[in-house]
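Taking it in order: structure first as structure tokens, then the write-up.
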Amino acid sequence: MKNTLISTQSVKERAFLVGVELEEHQAILSIEDSLEELALLAKTAGLKVIGHETQRLVTPNPATYIGSGKVQEIKAIAESLHADVILFDDELSPRNFRELENVFGSHVRVIDRTTLILDIFAQHAQSHEGKLQVELAQYEYLLPRLTRAWTHLARQAGGGAGRTGSVGGVGLRGPGETQLEVDRRRVRERISRLKNDLEKVRQHRQRYRANRKRSFIPVVTLVGYTNAGKSTLLNNLTHADVLVANQLFATLDPTTRRLELPGGNAILMTDTVGFIQKLPTNLVAAFRATLEEITESDLLLHIVDATHPNALQQWRSVLDTLHEIDAEHIPMITVLNKVDRLPIGSPDPATLPEFSGAVKISAAKSTGINELVAVIKNELFERFTPISVTIPYSNGQLISLFHEFGKIDKIINNVGSVTISGSIPGRLMADFERFTQKQKSRAAT
């Protein structure tokens, strides 16, 4: 079944971009930079960008998202440029789609940023799990937007997961049931099956992670903005063969490789999907099983493209996503990548307060790799962090873990639990986090 939402024909479709700057919304990127990123996304999806238009609004127009006058202006420009697609830089509501399609006509397709990202994910998903996750995100996005006006996309989706009013073929109707109701029912059924399949994947990952934790081999996960160089770094460190391409979202499926550190210690390194601003919430939810790889890590390497003009904004966007998936508590090392490509005389990004203590590398040229490995080793095996935890006796393995690898200053035996004060290696912080006094105080409030 073909999952892509945008046609993959030999002649590239011509896309006209539309961006909106909301006065009361603090965006991570400026409207110009956001449209430049949208153009890169469009190129990755196989579209040819032929122009763009912007508008500043207090709030979006509930009917057409942009003002009615701007809609007519864009319609005239699009017709003169022979545009095939009008691509919005924000997520549109079902009503927005209906109203805009009525204005632009059936010969021009209206697509929003979420649709575009879903299409790119569909093109790049290789594993069975990745395809399931993308298909679930597509169907959940499709359901509230399912109308007869979407049936023109059935040919592109091949009767599969595309934005079509006849997903997966036409079924038999019940008494008094319209075709639209049939399609909605079939989509809900498919969503339910996909969620069940992905829950099995999630449970399998949980069992795998449990076995991995019993080996006490720390897990280091690479996170960062898309195209920051995570896969290149994984290949450099572990001699993996992960696809490396100068495009957004080249890697979707997580890859884990073993790395032997100097001194005999070993770690597991995992490459994950890159983040991006305005990452669709349904996509984050669909990739829950994959993103849990991040939340279960002992250490995060936050890879930042030091050459990107919006490096700081991209860094903040990644932190926002880590907060969204409850991974902000995990120890993290910031890594400034591609320093070999910084123009001579340009400001050193490491001087920014946000990048204080960052490790500067070039994954492609192997610059700074030894220094990075040393920092990882120190963080995981040599740097001890003070901590006070109250652990139930039922979690005897964690108590034994503290005794074996930690430095204990004080032990208090309680009824049903033990309170231990001391310090532990950084790689074990995530294991003990939920038992810290800080976490207990937060729960009490």
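Assigned by TED's automatic domain parsing to the domain that holds Pro254, closer than 30 Å to Leu194 by Cα, modelled with pLDDT under 85 and of a type in the set (A, V, I, L, M, F, W, C) - does that describe any residue in region 294-302?
No: zero hits.
Any residue in region 68-76 that is surrounded by 20 or more Cβ atoms within 10 Å (Cβ to Cβ) and assigned to a helix (DSSP H, G or I)?
So far as region 68-76 goes, yes, one or more of its residues are surrounded by 20 or more Cβ atoms within 10 Å (Cβ to Cβ) and assigned to a helix (DSSP H, G or I).
Asp89 - would you say it is outside the structural domain of Tyr225 (by TED's automatic domain parsing), buried (at least 19 other Cβ atoms within 10 Å of the Cβ) and either free of Cβ contacts under 8 Å to residues at least 24 places away in the same chain or of a type outside the set (Gly, Ala, Ser) (or both)?
yes
Answer with yes or no whether Thr390 is among the polar types (S, T, N, Q), within 30 Å of Asp305 (Cβ to Cβ) and surrounded by 14 or more Cβ atoms within 10 Å (Cβ to Cβ).
Judged against the criteria, Thr390 is not a match.
For residues that are more than 14 Å from Gly396 (Cα to Cα) and acidic (Asp, Glu), tally how many sit in region 410-435.
Matching residues across region 410-435 total 1.
Which residue, of Thr351, Thr321, Thr334, is surrounded by 16 or more Cβ atoms within 10 Å (Cβ to Cβ), at pLDDT below 95 and in the same structural domain as Arg288 (by TED's automatic domain parsing)?
Thr321
May I ask you to verify whether Leu283 is crowded, with 18+ Cβ neighbours inside 10 Å and either touching a Pro at 6+ places or on another chain (Cβ under 6 Å) or in contact (Cβ under 8 Å) with a residue 60 or more places away in the chain (or both)?
Yes; evaluated as a whole, the condition is true for this residue.
If we keep just the residues of region 118-144 that are aliphatic (A, V, I, L, M) and surrounded by fewer than 24 Cβ atoms within 10 Å (Cβ to Cβ), which is modelled with the lowest pLDDT?
My answer is Ala125.
Can you pull out every residue in region 259-293 that is outside any loop (DSSP other than H, G, I, E, B) and at pLDDT 85 or above?
Leu259, Glu260, Ala266, Ile267, Leu268, Met269, Thr270, Asp271, Phe275
Kindly check whether there is at least one residue in region 162-183 that is modelled with pLDDT of 55 or more, buried (at least 17 other Cβ atoms within 10 Å of the Cβ) and part of a helix (DSSP H, G or I).
yes
Would you mind finding the one in Arg205, Arg188, Arg193 that is assigned to a helix (DSSP H, G or I) and either touching a Gly at 6+ places or on another chain (Cβ under 9 Å) or modelled with pLDDT under 85 (or both)?
Testing whether each residue is assigned to a helix (DSSP H, G or I) and either touching a Gly at 6+ places or on another chain (Cβ under 9 Å) or modelled with pLDDT under 85 (or both) leaves just Arg205.
Output the residues belonging to region 55-77 that are closer than 20 Å to Glu91 by Cα and among the hydrophobic types (A, V, I, L, M, F, W, C).
Hits for region 55-77 are Leu57, Val58, Ala63, Ile66, Val71, Ile74.
On the basis of being over 21 Å from Glu13 (Cβ atoms) and either part of a helix (DSSP H, G or I) or at pLDDT 95 or above (or both), does Ala63 make the cut?
When the stated conditions are applied, Ala63 passes them.
In this structure, does Arg113 turn out to be closer than 27 Å to Glu23 by Cα, basic (Lys, Arg) and within 22 Å of the chain's Cα centre (by Cα)?
yes
The values are calculated or read from the model by the stated rules, or taken from the named source; none is laboratory data. Owing to the predicted nature of the structure, the values given are computational and were not obtained by experimental measurement. Note that we place each Cβ from the backbone using ideal geometry, even for glycine, and neighbour counts take in every protein chain shown.
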